[in-house]
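Take a look at the structure set out below.
The values are calculated or read from the model by the stated rules, or taken from the named source; none is laboratory data. All figures in this text were calculated on a predicted structure; none of them were measured in a lab. Backbone-built Cβ (ideal geometry, glycine too); neighbour counts: all protein chains shown. Quick note on the areas: whole protein, heavy atoms, side chains included, nothing else; ligands and nucleic acids left out. Shrake-Rupley method; radii C 1.70, N 1.55, O 1.52, S 1.80 Å.
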Protein chains: 4
Amino acid sequence: MKTLNVGMIGYGFMGKAHSNGFAKANHFFDLKHQLKLKSVCGRTREKAESFAKTWGYDDVETDWRKLIERKDIDIIDICTPNDSHAEIAMAAAAAGKMIMCEKPLALNGDQGQQMVEAIEKARVPNMVWYNYRRIPAVTFAKQLIDEGRLGRIFHYRAKFLQDWTINPELPQGGAALWRLDVGAAGSGVTGDLLAHCIDTAIWLNGEFDSLSALTETFVKERKHNLTGKVEKVGIDDACTFMNTFDNGSLGNFESTRYARGHKALYTFEINGENASIQWDLHDLHRLQWFDYKDEGPLRGWKSIHVTDSDHPYMNRWWVPGLAIGYEHSFVHQVADFIQGIESGKPAAPTFRDAQKTQRVCDAIIASGKDHTWHKVRKD
Amino acid sequence: MKTLNVGMIGYGFMGKAHSNGFAKANHFFDLKHQLKLKSVCGRTREKAESFAKTWGYDDVETDWRKLIERKDIDIIDICTPNDSHAEIAMAAAAAGKMIMCEKPLALNGDQGQQMVEAIEKARVPNMVWYNYRRIPAVTFAKQLIDEGRLGRIFHYRAKFLQDWTINPELPQGGAALWRLDVGAAGSGVTGDLLAHCIDTAIWLNGEFDSLSALTETFVKERKHNLTGKVEKVGIDDACTFMNTFDNGSLGNFESTRYARGHKALYTFEINGENASIQWDLHDLHRLQWFDYKDEGPLRGWKSIHVTDSDHPYMNRWWVPGLAIGYEHSFVHQVADFIQGIESGKPAAPTFRDAQKTQRVCDAIIASGKDHTWHKVRKD
Amino acid sequence: MKTLNVGMIGYGFMGKAHSNGFAKANHFFDLKHQLKLKSVCGRTREKAESFAKTWGYDDVETDWRKLIERKDIDIIDICTPNDSHAEIAMAAAAAGKMIMCEKPLALNGDQGQQMVEAIEKARVPNMVWYNYRRIPAVTFAKQLIDEGRLGRIFHYRAKFLQDWTINPELPQGGAALWRLDVGAAGSGVTGDLLAHCIDTAIWLNGEFDSLSALTETFVKERKHNLTGKVEKVGIDDACTFMNTFDNGSLGNFESTRYARGHKALYTFEINGENASIQWDLHDLHRLQWFDYKDEGPLRGWKSIHVTDSDHPYMNRWWVPGLAIGYEHSFVHQVADFIQGIESGKPAAPTFRDAQKTQRVCDAIIASGKDHTWHKVRKD
Amino acid sequence: MKTLNVGMIGYGFMGKAHSNGFAKANHFFDLKHQLKLKSVCGRTREKAESFAKTWGYDDVETDWRKLIERKDIDIIDICTPNDSHAEIAMAAAAAGKMIMCEKPLALNGDQGQQMVEAIEKARVPNMVWYNYRRIPAVTFAKQLIDEGRLGRIFHYRAKFLQDWTINPELPQGGAALWRLDVGAAGSGVTGDLLAHCIDTAIWLNGEFDSLSALTETFVKERKHNLTGKVEKVGIDDACTFMNTFDNGSLGNFESTRYARGHKALYTFEINGENASIQWDLHDLHRLQWFDYKDEGPLRGWKSIHVTDSDHPYMNRWWVPGLAIGYEHSFVHQVADFIQGIESGKPAAPTFRDAQKTQRVCDAIIASGKDHTWHKVRKD
């Protein structure tokens, strides 16, 4: 059993989620490789060492370039803020490393396109952490769609609602709040939250054709943690858009951090000719299913508790009725990535797959500014 | 089209519900008879007249014996407190009237048996207002069971939870609170609430074999509205019982007026070999349905919105998705009673049907006192 | 107690709902006027007579102009297809009748404006049947907003999803399917369903500023019931739009008749700085409420069963826990209309109120065609 | 940082859950000890070795007595079938090991009492894996109760419903199905499922006074995996009981493996004078809360998504809205056990705590047989 050494860059919230994914994958999945948390890289040595100790990394680096150069590192896992993904990923590709990159892939589509080209030229295994594809209920939705059970699709709607930035006293920027700083994040809810919704939508319903967006920044100025000054807020606080898909269905998307009462309410619904599906991250182990082929008086929305052994991934976990949670999507992603390498059938989403989401985000941001419909660019 | 004149005795909460049932039946159901609210009887003329005016009764009576003697009255509707049902019903039967009697039929099984004998001797159409049978979702449950979809039944459980008597300052007795006075009511939650659960259970799952009950009176003394004195509370505030049914299934029943947070939470669930059903009065237009014959990974509880034209009674009302409410069960009961007369197939529950519930209530009260199992008497 | 005679024009689905509203209002509300179903008008005498008999109308008319001329008619209730509202309403106004008109007010904003002018010139009491305002849970939402509990509003979203026109074999036009015929209906889901959402939104959240819409006709041709030929479908099958409100909040609206699994799923959600509200027509007796002022760990969405006597309208009905349904909103509307006349404070929505919705609908239809943002016209 | 070596006996479903608990505890909790999966013991060396490899145990044993003798083992974790708990635990206590024992503690109360005495005599840290106490929502319920928010308690009800043994062709006994073999399990749903409900109830609501039970074995004979013959089934397939608590409240409990549609539906509800609580294992990250102190019209059941950092244990995991699952209760239990050792305040439930549940189970089984009320014995 060969060992694959992981070198992780960044150790924030996502560093924890990814480390857990690497640590658990061999416990629950039959892999031909043993994953090893080898080295974690962060600018502050002390914090990196504390993180390494907790998670059992052998050592730490403070310069990501050094990590990439190391011969004993097989997989580079990028979980830094968005503005450094491109540089790190392209360097790692050049060094021949396997790469797992946190989403969104890039700050924008053009940058993303450069990354795709670099990584494909290097021919290294690569993946982007759109982890929600691997919530069992979501994967199950994909199966049902692929089996043709929905028929012609009429509607796709998705929302990602949060409420954590309503307080205008909340500052922007720095390690904890880089998501509010347009420089580090590239955009607000669009890249942070809608990117998830878009990735799932492309996976389940195909590519986007054109869209029109409405974006808003409710709190116009916030103190910046790095400068200490009150500065203009450059991100979109809220974004709603409507679109057409290549398959002729209509989309309705919305994301905000100002929806009081919602913590991380990522929901989607697909309405097909014959059946419909709903899912909700707040109760992620359930899938709502409506089948028009049921006998008339017995039609209704069925709440499927996706915890049986014949549900995706669930034969690896506990017994029917016992739920798994958010973090398991990362374990699944690691397992699928490794199995993709082992089988020669790379697991999605690759950089190329994730780039499609970048182009949709570009169109959203542009439409939010010029108030016209935009065709989504296809590379 | 022949007119049937209704004479109603009592004009409290149930008087309103029954009057509405009579007033609406011809608007929504094809009946060969026209129902007419003819006379309402109450001890206080002024109040009875006010009620008559609101509902369009032609006149009032203050003595129920006079009402019963009137030749222009066809149907006697009894909605007085429980302790007067027997006397009125037997007199009305002797006078040859059709009789609709509020539930529970009687103060106890022996009294009920006398009533059954009297009414069957008189051969008059008769019915007891166990209205919940005629909530469309409940009637639909009956259809599904009768079609054999559940297979062997293992479990039946029902609860009727309320929270309106927790305050120990609430008095007992009198027009508004006779339900707390054991003299007028006969029992507490057993006759008031469990009687509904038992009637439905007998209808859906067959007769009770034996049971063991636990009853409790949490507030031991309350001021009595009629005497003005603090008096012992004679009713059961709460009652839970377990039982066997003739079909071999197990029952679990509970009722209380001390379940903080529940207004009128009448729920039942039936678990069969092949399928299960749940229903809840708080969302009365929905039926929860689980079918083991569904494909494995797609199994789940289905929430059926019982508002389609192929659902019981619903072709008489609005369009799919538009709910009806509590009061409609009374309209259905009137319509079924009249159609039963017209067709010669009397609608259930008759006095004889309702008497079965009395015998179960007797066993509950007795078991609550002596803490042993009781066989339910069958007349 | 003075009698008000109702003359109703049209006797379809809405004729039934309105008649029930008039028939029940005096049973449950203290009004100074007695409502009397006097005459119903329909082109086919036989059908009108059958309807009259069921509901107790004294007589029928086959020409609405005659009905309007009658001195014994006080209230003209219009429940014909949309294309005749204007002519009838203006004639009735000229005849000095009180007018209750089914929604939407008109085929478009210009026609609506003419109607408003005519009726205001005639100074007759007038109202449009946007009945959903009077579902107790919705009225309760209005109270909570008016008390200032939500603070600054960030988001308003509403959907009205149905699934009854997915079958391409369904024809268009004629008595049963005039809603699919653009000539009779003026528009598709916009005037039929979104009009309800817009009326509620204006009531709860104030007027619309500008919007951008996406409309679609999934089934391009259907057989026409009147011509017998396959004809182009002129209505919008689906419509989604996003908008800004005058109060700075963002709107997201969607309606369709192609959302498999939804019968009449009218839902709305409002997100304020301090609290949020959700409502759903499929469970119309519940209001979902989130209050940020609750203690931190105890925050959550509360499901309020709007059936207590301190909830709007509910002191007129049953007891806590016992739900009312769809039809009751019409009873409330009648009661409020009459009480508005009695008190001299006209109940909303008047024709002028309803005209605001027409202008929003105009902007939607226009934007759906030219794919640009439209400012909503204010008369 | 001192290492504590774990020696686990058994490697079935619970072995996996416990191993995961030990493996993750240091990743998410600040402990002064490092847990090490040292040795796993099973009768079949090959299987034990496979398990050891997956989980990173250093070695295996095939004789549990040898494991107990080893000086390098600090904690003995027992996850064998119920009939071997006593012997192993008492031997481990004699050897001075810390002991974590899978529930139920023993086959019956007398055996349990011996174990308590042995372990207390040995003065070793000890705990029983009643893991549901450590689901964050359940722990939160405990906090709310301890803060006195519920007031006087009237009702406690709990159910644990499953449906996996309905098929009469399912055999009994052997490694996979020892839970159906009364010899190995001691009882059926009582010890397996109700034991959980009882442990939680004692924790939340105090001790049991007396009870009356109804037990049933629906499938009377099953093939036995060890003998190959059809043998009588000795376990209880279903059990419902009612009881009084020492605090005067009434209990209603039920468990079955014949409730079609329920996988592992452990639910409980507590009704207090001022507030009520509901919880459901199928949606384990939610707590339902009703507070009578809320403003009247705003009262309702609140669905609290127990994923905030001010909820029990949740500051160790992800961010608000992101759920954890079943397995995390075991991680919490390990962390609490270790912190109990570190702080000198032993974490509950100890063997002594768990013995209370044994005595309740004894009373249930006895009452199920003789159909009388039983006082629960208190050691």
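Taking amide H positions as modeled 1.01 Å from N, with prolines and chain starts lacking one, no residue 5 or more places away or on another chain lies under 5 Å from D:TRP164.
Under the convention that each Lys and Arg Cβ holds +1 and each Asp and Glu Cβ holds -1, the size of the dipole of segment D:231-271 around its Cα centre is about 220 debye. Counting charges near D:ASN5 (Lys, Arg +1; Asp, Glu -1) among other residues having Cβ under 12 Å from its Cβ returns a value of +1. Dividing the summed -39500 (n - 2.57) terms of all DSSP H runs of n ≥ 4 by the residue count of chain A sets its mean residue ellipticity at 222 nm at -10000 deg cm²/dmol. Across segment A:55-63, coupling constants 3J(HN,Hα) worked out from phi with the 6.51/-1.76/1.60 Karplus curve, θ = phi - 60°, read 9, x, 5, 5, 8, 10, 10, 10, 10 Hz, and Gly and Pro carry x.
Treating each Cα of segment A:253-377 as one equal point scatterer and applying the Debye formula with no solvent, the log10 of I(q)/I(0) at q = 0.13, 0.17, 0.19 Å⁻¹ comes out as -0.87, -1.23, -1.27. Peptide B:202-214 is shielded by partner chain Cβ atoms: per residue, an average of 2 of them sit within 10 Å of its Cβ. Per-residue mean of foreign Cβ neighbours for C:144-154 is 2 (Cβ atoms of other chains, 10 Å radius).
For segment D:141-248, the alpha carbon positions stretch 55, 25, 21 Å along the principal axes, listed from largest to smallest. Beta-bridge orientation, the protein assembly as shown: approximately 60 percent antiparallel, per DSSP, counting only bridges with both partners inside. As a fraction of the 1.4 Å probe accessible area of segment A:250-354, surface on carbon and sulfur atoms comes out at 47 percent. Rg ratio for segment D:18-167: its Cα radius of gyration over 2.2 N^0.38 Å, N being its residue count, equals 1.24.
Remark: C-alpha extents of segment C:317-379 on the principal axes read 51, 32, 14 Å, sorted largest to smallest. Given the options A:ALA141, A:SER187, A:THR240, identify the residue whose Cα lies farthest towards the positive end of the charge dipole of chain A (+1 on Cβ of Lys, Arg; -1 on Cβ of Asp, Glu). Final value for the positive-end residue is A:SER187. Calculated FRET efficiency, B:LYS220 to B:ASP59, Cβ-Cβ distance, R0 = 60 Å: about 0.85 to the nearest 0.05. Mean projection of the Cα convex hull over all viewing directions, computed for segment C:103-197: 9.2 nm². Partner shielding of D:292-299 amounts to 6, given as the average count of beta-carbon atoms from other chains within 10 Å of each residue beta-carbon.
Using a simple spin-label model with pseudo-atoms 7 Å out from Cα toward Cβ, B:THR3 and C:GLU87 lie 4.0 nm apart. Surface exposure of the protein assembly as shown, expressed per residue as accessible area with a 1.4 Å probe, stands at 34 Å². For chain B, the Kirkwood estimate of the hydrodynamic radius, built from every pair of different alpha carbons, is 21.5 Å. With N counted as the residues of segment D:239-313, its alpha-carbon radius of gyration over 2.2 N^0.38 Å works out to 1.33. Springs join every pair of Cα atoms under 10 Å in this Gaussian network model of chain D, and among D:LEU250, D:LEU211, D:LEU298 the largest mean-square fluctuation is at D:LEU298.
Shown in residue order for segment D:351-368 are the 3J(HN,Hα) couplings computed by the Karplus curve 6.51 cos²θ - 1.76 cosθ + 1.60 at θ = phi - 60°: 4, 4, 4, 5, 5, 4, 5, 4, 5, 5, 4, 4, 5, 4, 4, 5, 5, x Hz (x for Gly and Pro). Around the Cα centre of the protein assembly as shown, unit charges on the Cβ atoms of Lys, Arg, Asp and Glu (plus for the first two, minus for the last two) sum to a dipole of about 0 debye. Of the residues B:LEU265, B:LEU322, B:LEU281, the one that moves most in a GNM of chain B with alpha-carbon contacts below 10 Å is B:LEU322. Across segment A:30-45, computed HN-Hα scalar couplings (Karplus, 6.51 cos²θ - 1.76 cosθ + 1.60, θ = phi - 60°) run 7, 10, 8, 10, 9, 7, 10, 6, 8, 8, 10, 10, x, 5, 9, 3 Hz from first to last residue, x flagging Gly and Pro. Between identical copies, the spacing of C:GLU207 label points, each set 7 Å from Cα toward the C-beta atom, reads 4.4, 7.2, 7.3 nm from nearest to farthest.
Shortest first, D:ALA175 label-point distances to identical copies amount to 4.8, 7.3, 7.6 nm, with the label point at 7 Å from Cα along Cα→Cβ.
For segment A:1-62, the Kirkwood radius over C-alpha pairs fed into Stokes-Einstein at 25 °C and 0.890 mPa s yields D = 209 µm² per second. Of C:GLY10, C:CYS41, C:SER255, whose Cα points farthest to the positive end of the dipole of chain C (charges on the beta-carbon: +1 Lys, Arg; -1 Asp, Glu; origin at the Cα centre)? Sorting the options by dipole projection puts first C:CYS41. Our estimate of slack between C:SER343 and C:ALA176, defined as 0.36 nm per intervening residue step minus the Cα-Cα distance, is 56.2 nm.
The average projected area of segment D:29-92, computed from the convex hull of its Cα atoms over all directions, is 5.2 nm². In summary, segment D:200-293 shows an alpha-carbon radius of gyration equal to 1.42 times the 2.2 N^0.38 Å reference for compact globular proteins. Take the Cα of B:GLU207, go 7 Å toward its beta carbon, and the backbone nitrogen atoms of segment B:353-374 under 14 Å from that spot belong to B:353-361. Here the chain C residue lying nearest the rotation axis onto D, judged by its C-beta and given with the distance in whole angstrom, is C:LYS302, 2. Summing charges over all other residues whose Cβ lies under 12 Å from the Cβ of C:SER309, with Lys and Arg as +1 and Asp and Glu as -1, gives 0.
Given segment B:89-149, what whole percent of its Cα pairs are spread farther than 16 Å? Within segment B:89-149, distances greater than 16 Å cover 55 percent of Cα pairs.
When C:LYS375 is represented by a point 7 angstrom out along its Cα-to-C-beta vector, the spacings to that point in the other copies are 3.1, 8.6, 8.8 nm, nearest first.
In segment B:47-177, the DSSP beta bridges split such that about 10 percent are antiparallel, to the nearest 5.
Computed across the protein assembly as shown, the Kirkwood radius stands at 35.1 Å (inverse of mean 1/r, all Cα pairs).
Could you pull out which residues in segment A:166-183 have an amide N less than 20 Å from a spot 7 Å beyond the Cα of A:VAL230, following the Cα-Cβ vector? Under 20 Å, as judged by backbone N against the label point of A:VAL230, lie A:166-174, A:180-182 of segment A:166-183. Within chain C, antiparallel bridges make up roughly 60 percent of the DSSP beta bridges whose residues both belong there.
In debye, nearest 20: dipole of chain C around its Cα centre with unit charges on the Cβ of K, R (+) and D, E (-)?
480
Checking the table D:LYS32/D:LYS71; C:LYS159/C:LYS356; B:LYS356/D:LYS263 against a 28 Å threshold on Cα-Cα, which pairs fail? In this structure, B:LYS356/D:LYS263 exceed 28 Å between Cα atoms.
Taking Cβ atoms as reference points and 13 Å as the exclusive limit, the residues near C:HIS155 contribute a net charge of -1, counting Lys and Arg as +1 and Asp and Glu as -1. Over chain A, Cα pairs under 8 Å with separation of 6+ residues give a relative contact order of 19 percent.
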